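Read the structure below first, then the notes.
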Amino acid sequence: MCVVTIDSQNGEILAGPDLISRGFVYMDESKAFLDEAADRVYDALERLEGEHVTDWQTIKKTCRRSLGEFVWHSTRRRPMILPVIMEI
């Protein structure tokens with residue numbers, strides 16, 4: 001699961017992305033992997049922020065796509081990715 005909090009007015013990232021893994025990789029053994037994945041998602045969302053995108057569907061799709069590509073290239077696996085976008 002990928003949890004991100006954004007400002008609904010301007011699309012600014014307020015918190016996250018926080019990644020939660022269940023049954024895919026163990027948290028204790030893969031902190032560096034999850035940190036790198038979170039950085040990739042953050043970079044993708046920052047590009048949207050620069051374009052002032054506030055549509056949560058687009059943000060959700062970008063989160064899922066960037067995380068999915070990183071995980072696939074790193075592990076050759078395709079886990080279920082559940083983006084949770086909270087607007088404030």
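Only one item in (i) 3, 15, 29, 25, 14, 9, 4, 1; (ii) 2, 11, 20, 23, 21, 14, 7, 2, 0, 0; (iii) 3, 14, 16, 14, 12, 10, 8, 7, 5, 4, 3, 2, 1, 0 matches P(r) over Cα pairs in 5 Å bins from 0, in percent derived from the coordinates shown, and that item is (i). Amide H to amide H, with H built 1.01 Å from N, GLU12 comes under 5 Å of ASP7, counting only residues 5 or more places away or on other chains.
Summed over qualifying helices (DSSP H, 4 residues or more, each -39500 (n - 2.57)) and divided by its residue number, the chain shows a 222 nm mean residue ellipticity of -15500 deg cm²/dmol.
Angle between the Cα long axis of helix 31-50 and the longest principal axis of the chain, 0 to 90 degrees, nearest 10? With both axes taken from Cα atoms, the answer is about 20 degrees.
Note on the chain: antiparallel DSSP beta bridges, both residues inside, total approximately 45 percent of the bridges counted. Close amide-amide hydrogen proximity is noted between VAL84 and CYS2, VAL3, VAL4, each under 5 Å apart and 5 or more residues distant or on a separate chain (H modeled in the peptide plane; Pro and chain starts excluded).
Readers should treat all values here as calculations from the given coordinates under stated rules, not as data from a laboratory. All of these numbers come straight from a predicted model, not from anything done at the bench.
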